[in-house]
Amino acid sequence: MTLSIEPSLEIMGADKPFKPERSALQALEQTGLAALVARAGELASLDRLLRRNLPEALAKQCRLGAWREGRLVFQVSNPVWKNKLRLHSREILDHANALGLPAREIRITIDLAFQPGDDR
């Protein structure tokens, strides 16, 4: 007695018409998350622009985490970099305003999970 292990075409859905797959971005737009992805992209671009004028070592140790209601929120890897970034606060605010971003305040938080890197 032999046992056949060939898959049945009915089980695999070969009898159903072919439907082209939607792209990931098309699927994302229908879920309402497209605005969130667009906002994240805008924040990443703004982050690169604002860190461009900082000293290289400092720029690698911080990132823009949020921007809302005139407040820029930066994240740093430890308290030493928080103090160093604080010294550049006025420069960052001036640069943001020159870019047309109405920023009035900078808040700096320490994120111990932040892995510094150079993604300028």
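Could you run the Karplus curve 6.51 cos²θ - 1.76 cosθ + 1.60 with θ = phi - 60° over segment 99-115 and give me ³J(HN,Hα) per residue in whole Hz, x for Gly and Pro?
7, x, 9, x, 9, 10, 8, 10, 10, 10, 10, 9, 10, 5, 7, 5, 9
Defining a contact as two alpha carbons under 8 Å apart and six or more residues distant in sequence, what relative contact order in percent does segment 59-106 show?
Numbers: 46 pairs, mean separation 17.7, N = 48.
It rounds to 37 percent for segment 59-106.
Given 10 Å bins starting at zero, what is the percent of C-alpha pairs of segment 62-120 in each, up to the one with the largest pair distance?
24, 54, 22, 0
Give me the one-decimal nm value for the distance between modelled label points at V37 and V80, 7 Å along each residue's Cα-to-Cβ direction.
3.9 nm
Relative to the present Cα-Cα distance, how much length would full extension add between Q115 and R52 at 0.36 nm per residue of separation?
Working: separation 63, 0.36 × 63 = 22.68 nm, distance 1.84 nm.
Residue separation times 0.36 nm, minus the Cα-Cα distance, leaves 20.8 nm.
Using only Cα atoms, locate the centre of segment 39-81 and the centre of segment 95-114, then give the distance between them in Å, rounded to an integer.
With segment 39-81 and segment 95-114 each reduced to a Cα centre, they are spaced 6 Å.
Quick note: the coordinates plus some simple rules give every number you see, no bench work behind them. These numbers come from a predicted model, not from an experiment. Positions of Cβ are backbone-derived with ideal geometry, glycine not excepted, and every protein chain shown enters the neighbour counts.
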